[in-house]
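First up is the structure itself, then whatever we jot down about it.
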Ligand SMILES: Cc1cc2nc3c(=O)[nH]c(=O)nc-3n(C[C@H](O)[C@H](O)[C@H](O)COP(=O)(O)O)c2cc1C
């Protein structure tokens, strides 16, 4: 089974966790590939909306969307990505990083917004992970979070 990790990351946090998820998948003998979302703008900013290349979702069996939170919502570029509903069909998992220490401060509302645009619906309990960057136990959150997510993905 091959898994594509579709990643938007402006300052590197989400990319770091996506790489950790990739390592964990490798431990479970699952092949994965990081697929960064790029913009046509000269620089990627929170205002970027225009996607450079639409991700080709025919290559991998499943996809995990990895994104930061911007203003309690998915970044504008992720919202553009999700507008093309054919893009959501094989997305089974969500990895969200945000700054604040509580899920209700952006993580949950971002997941909810993405779920609203996803068809078929995502299984929130088994396939979503929120990393709270400001919490003291960041490393622990990442280690245990990617382990659980990778293990659940391996059972697909
Ligand atoms: C424009 C903007 C809005 C943000 N809004 C939120 C927010 O509502 N809640 C939150 O917890 N973090 C918020 N953040 C922080 C990012 O979600 C967080 O730092 C994330 O881990 C960054 O990931 P990245 O380095 O992959 O871009 C915001 C960051 C930016 C740039």
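Values for this structure:
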| read-out | value |
| --- | --- |
| P(r) weight above 22 Å for the chain, C-alpha pairs, percent | 34 |
| Prolate/oblate/rounded call for segment 96-156, Cα gyration tensor, a/c under 1.5 rounded | oblate |
| The chain - mean residue ellipticity at 222 nm from DSSP helices (-39,500 (n - 2.57) per run, n ≥ 4, rounded to 500) | -10500 deg cm²/dmol |
| All-pairs Cα distance distribution in segment 1-84, expressed in whole percent, bin size 10 Å | 17, 49, 28, 5 |
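Rule-based calculations on the coordinates, nothing more; no lab input. All of these numbers come straight from a predicted model, not from anything done at the bench.
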